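The values are calculated or read from the model by the stated rules, or taken from the named source; none is laboratory data. These figures come from a predicted structure and were not determined experimentally. No Cβ is skipped: glycine too gets one built from the backbone with ideal geometry, and neighbour counts run over all protein chains shown.
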Amino acid sequence: MKVSKIVTIILIAISVLFSASSGYALSPEDNPESRLEEIEKRLQETQQQLQSTREKENQYLTEIKNLEAELDATQNSLNTLETELNVTRNSLQEIEEQLQIVQKELESLRTQLSRLRGHVEKTEQQLEEKRGELTELGIELAHKVNILNQRAAAIYKNGEITYLNILVGSTDLRDLATRWLLLSRLVERDATIVKEVKELRQKVSLQKELIEGKKRLLLEEQRQIEEVAAAAQSKRDEIKARYEQKVALQNQIRSQYSQKKNLKTVVLAKYDEKDNLLAQARQDEEALEALEEELKKESEAIRARLSERTEGERPAGRLAWPAQGTLTSGFGPRWGRMHEGIDIAGSHGAPIIAAEDGEVVQVNEGYGGGYGKYVVIYHGGGLSTLYAHNSGNAVSVGEKVKRGQVIAYMGSTGNSTGVHLHFEVRINGVPRAPLEYL
C-alpha cells in the first residue's frame with residue numbers, strides 16, 4: 001500500500017539521519033552549513049508531510065463520525081422494521097385464526113346446504129309422486145262423478161222415484177221386501193259414492209297442502225342457509241383480502257429490512273476501512289513526529305555550533321553570518337526554478353551586516369527585478385555578496401565597508417512573501433551555495 005511505503009521511507013530516513021548525525025559528531029571535517037541546509041530542507045518536507053498526515057487524520061475522523069451517525073440511523077431503521085415485522089406477524093396470526101374459524105363455519109354451512117338440497121331433491125321426488133297420485137285420484141274422482149251424473153240423469157229421465165212409489169207398486173210383501181232391499185242398497189251405494197268423493201277431495205287437498213308446506217319450509221331453510229353462507233363467504237373474502245394485504249406488507253418490510261442489513265454491511269466495511277486508515281495515519285504521524293524531533297535536535301546542534309562564530313570573528317575562508325534569524329530556504333532548485341541564495345527570516349527592520357570587508361558596487365531602491373531594495377558588495381578575488389528585499393539601505397555605491405558593518409535593514413520589498421533577507425554569494429558572477437562560505 002502507499003501508506004506502508006511512506007512509513008518505510010520515513011523509517012529509512014530516520015536511520016539515515018541517525019547515521020548522518022553520528023558521522024557529523026565523529027567527523028570534524030564535515031561541512032555544518034551544508035548539513036544544516038540539508039536538515040532544514042528535510043525538516044520542511046517532514047513538516048509538510050506531517051501537516052498532510054494530520055489533515056488526513058481529521059478527514060478520516062470526520063468520515064468515521066459520519067459513518068457512525070449513518071450506522072446509528074441504519075440500526076434505528078432496522079429496529080423499527082423489526083418491530084413492524086413483529087406487529088405484522090401477530091396480525092397475520094390473528095387473521096389466520098379468524099380465517100380458519102370462518103372457513104370451518106363456511107364448510108359447515110356448505111355441508112348443511114348440501115344436505116338440505118338433498119332433502120329438497122327428495123321432497124321434489126315425493127312431490128312428483130304425489131302429483132302422480134293426485135292425477136290418479138283425479139281420474140278416479142272423475143269416474144265417480146260420472147257415475148253420480150249417470151245416476152242423476154236416470155232419475156231425471158224416469159222421473160222421481162219415491163219410497164211411496166216403490167211401496168204402492170209392490171204386488172205382495174215379498175215384492176215389497178225385494179223392492180225395499182234394492183232401494184236401501186241403492187241409497188247406501190249413492191251415499192258411499194258421495195262419501196268417497198268427499199274423502200278423496202279432502203285427501204287430495206290435505207296431501208297438496210302438506211307437500212306445499214314442506215316445500216315452503218325447505219325453501220325457506222335453504223334461503224336462510226344460503227344467506228348465512230353468502231355472509232360467511234363475504235367475511236372470508238374480506239379476511240382473505242386483509243391477509244393478503246398483511247402478507248404484501250410483510251414482504252415489503254422484509255425487503256426494506258434486507259436492504260438496510262446490506263447497507264449496514266457496506267457502512268461497516270467503510271467504517272473498518274476508515275478506521276484502519278486512521279490507525280495507519282496515526283502511526284505515520286508518530287513516525288513523522290519522531291523524525292521531526294530528531295531533525296530539530298540536529299538543526300539546533302548545528303545552529304549552536306554555528307552561533308559560536310561571532311560577528312567579529314573571521315575564520316579562515318569564512319564569511320560572517322549576515323543577519324540574525326532563521327534559515328527558511330536553501331540554495332538550489334525551488335518551485336521549478338533555481339533559488340540562487342539562501343533566505344533568513346527575521347523581524348522587520350533588523351540590521352543586516354556586511355559578510356566581509358569590501359566596496360559597495362550596487363545599491364537599488366526600487367523593485368529591482370524582484371529583489372526589491374538590495375545592496376551588492378565586492379570583496380575582491382571575484383567574490384561578491386548580495387543582500388535583497390531590504391526595508392531600507394544604509395550605504396551607497398563606492399562606499400568602503402567593514403565586516404560586521406550595518407549596510408541595510410530587513411524587510412519584504414520586491415517579490416517577497418514575508419520579512420526576510422535573501423543572501424547570495426557569487427564567484428565571478430556565478431551563484432554559489434552561501435552556506436559553503438559562511
- Query: What are the residues in segment 228-252 that are within 15 Å of Ser108 (Cβ to Cβ) and either among the hydrophobic types (A, V, I, L, M, F, W, C) or without any contact (Cβ under 8 Å) to a residue 24 or more places away in the chain (or both), if any?
  - Reply: Val228, Ala229, Ala230, Ala231, Ala232
- Item | Count of residues meeting criterion [more than 23 Å from Lys235 (Cα to Cα) and either without any contact (Cβ under 8 Å) to a residue 24 or more places away in the chain or of a type in the set (Gly, Ala, Ser) (or both)] in segment 77-114 | 5
- Task: Confirm whether Gly366 is assigned to a loop (DSSP other than H, G, I, E, B), closer than 25 Å to Gly332 by Cβ and of a type in the set (Gly, Ala, Ser).
- Result: no
- Determine whether segment 257-267 contains at least one residue that is surrounded by 14 or more Cβ atoms within 10 Å (Cβ to Cβ) and over 30 Å from Asn66 (Cβ atoms). no
- Task: Confirm whether Glu29 is over 36 Å from the mean Cα position of the chain (by Cα), exposed (fewer than 13 other Cβ atoms within 10 Å of the Cβ), farther than 30 Å from Asp284 by Cβ and at pLDDT below 80.
- Result: yes
- Give Lys296, Lys260, Lys270, Lys264 a once-over and let me know the one that is within 17 Å of Gln59 (Cβ to Cβ), in contact (Cβ under 8 Å) with a residue 12 or more places away in the chain and in a helix (DSSP H, G or I). Lys270
